[in-house]
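Notes for the one structure printed next.
The values are calculated or read from the model by the stated rules, or taken from the named source; none is laboratory data. These figures come from a predicted structure and were not determined experimentally. Cβ coordinates were reconstructed from backbone atoms using ideal geometry, including for glycine residues, and neighbour counts include every protein chain displayed.
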Amino acid sequence: MSESEDNKAEMSFLEHLEVFRWHLVRSTIVILLFTILAFIFKSFVFDTVILAQKNSDFWTYELFCKFSHLIGRGDDLCMSEISFSLINITMSGQFTIHIVTSLVAGIVLAFPYMLFEIWRFITPALKKGEKKYALGLVFSGSLLFTLGILFGYYFVSPLSVQFLGNYEVSEQVQNQITLSSFISTVTTVTLVCGLVFQLPLIVFFLSKLGLITPEFMRKYRKHAIVVTLVLSAIITPPDISSQVLLTIPLLILYEFSIYISKIVVKKSAKQ
């Protein structure tokens, strides 16, 4: 290869980096805008959204209680009053938490746009038929992430708060939870659920690259169940109800991913 060809290839690579950099810049700007918005609406983000899980009238707790009465179990599934109190023990603690939480909210709200920027970046390298699939993946990824966030926020996270907040080794020890610990638990569990729900999207790409086949996924289904149980145990507290609650949708997503992999492999074989 001549020197001019080397320079051409180098410039082509640099041009791709430049384009990718601008996609990152735009994504960062959108994240910052949503972060500032979340920072401004502090009362809504904390009192209405995050700290709402500490209240006994939270939607999830009332839903479980109504379901308990519906099946004739009385108050068995009704959540008890959360007995712990939140405290702040550092001078800059609340301000730092305000900034970090606003940033997390910014990333969550900007996630669909980030996927859109990824689609815009890879679109020029795709064929005409593949571009439609790529746009569909942006929508699917955004939808799955939103469903995961909602599932984590309304089901897994509240059960975690209930279990960990009310757990005690002795009546002589009262739970006084730091604000950072509480928010870290809520945001981590919720975000992880949003990311875990991306499984079908990940399987699509791996199947497209030929790294995964439906036969492979069926063969190792039992192993996947064990991994799912372990993953659920890591994400959730040592509470059987929350682990089962997360395991069920993960297993459904795994079966759905097998179906997606089957479609991808079939279409690849026809080409």
*Hits in the range 183-231 - residues which are touching a residue at least 40 places away in the same chain (Cβ under 8 Å), of a type in the set (S, T, Y) and in the same structural domain as T101 (by TED's automatic domain parsing)*: T187, T190
*Does T228 satisfy the condition of being among the polar types (S, T, N, Q) and more than 30 Å from S83 (Cα to Cα)?*
yes
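Check whether at least one residue in the range 121-133 is out of contact with any Ser or Thr (no Cβ under 7 Å at 6 or more places or on another chain) and modelled with pLDDT of 90 or more, and report yes or no. Even if it seems obvious, please write down each step before you answer.
Pass one, the range 121-133, residues out of contact with any Ser or Thr (no Cβ under 7 Å at 6 or more places or on another chain): 121-130, 132-133.
From the residues that got through so far, the ones that are modelled with pLDDT of 90 or more too are none.
No, that holds for no residue.
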*Which pairs have Cβ atoms under 7 Å, sit 6 or more apart or on different chains, and link a residue in the range 243-261 that is at pLDDT 85 or above to one that is not β-branched (V, I, T) and not in a helix (DSSP H, G or I)?*
L253/F197
_For the range 188-240, which positions are surrounded by fewer than 14 Cβ atoms within 10 Å (Cβ to Cβ), at pLDDT below 85 and outside any loop (DSSP other than H, G, I, E, B)?_
F205, V230, I234, I240
*Can you tell me which residue in the range 44-84 is nearest to S157 (Cα to Cα), limited to those that are assigned to a helix (DSSP H, G or I) and of a type in the set (S, T, N, Q)?*
Q53
_Out of the residues in the range 39-79 meeting the condition of being surrounded by 11 or more Cβ atoms within 10 Å (Cβ to Cβ) and among the polar types (S, T, N, Q), tell me which one is farthest from the chain's Cα centre (by Cα)._
S68
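Looking at the range 27-47, which of its residues are free of Cβ contacts under 8 Å to residues at least 40 places away in the same chain and under 14 Å from I183 (Cβ atoms)? Let's see the steps before the verdict.
As a first pass, look at the range 27-47 and keep what is free of Cβ contacts under 8 Å to residues at least 40 places away in the same chain: 28-29, 40-41, 43-44, 47.
Matches in the range 27-47: D47 only.
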*asked:* So, L159, is that one out of contact with any Pro (no Cβ under 7 Å at 6 or more places or on another chain) and buried (at least 18 other Cβ atoms within 10 Å of the Cβ) or not?
replied: yes
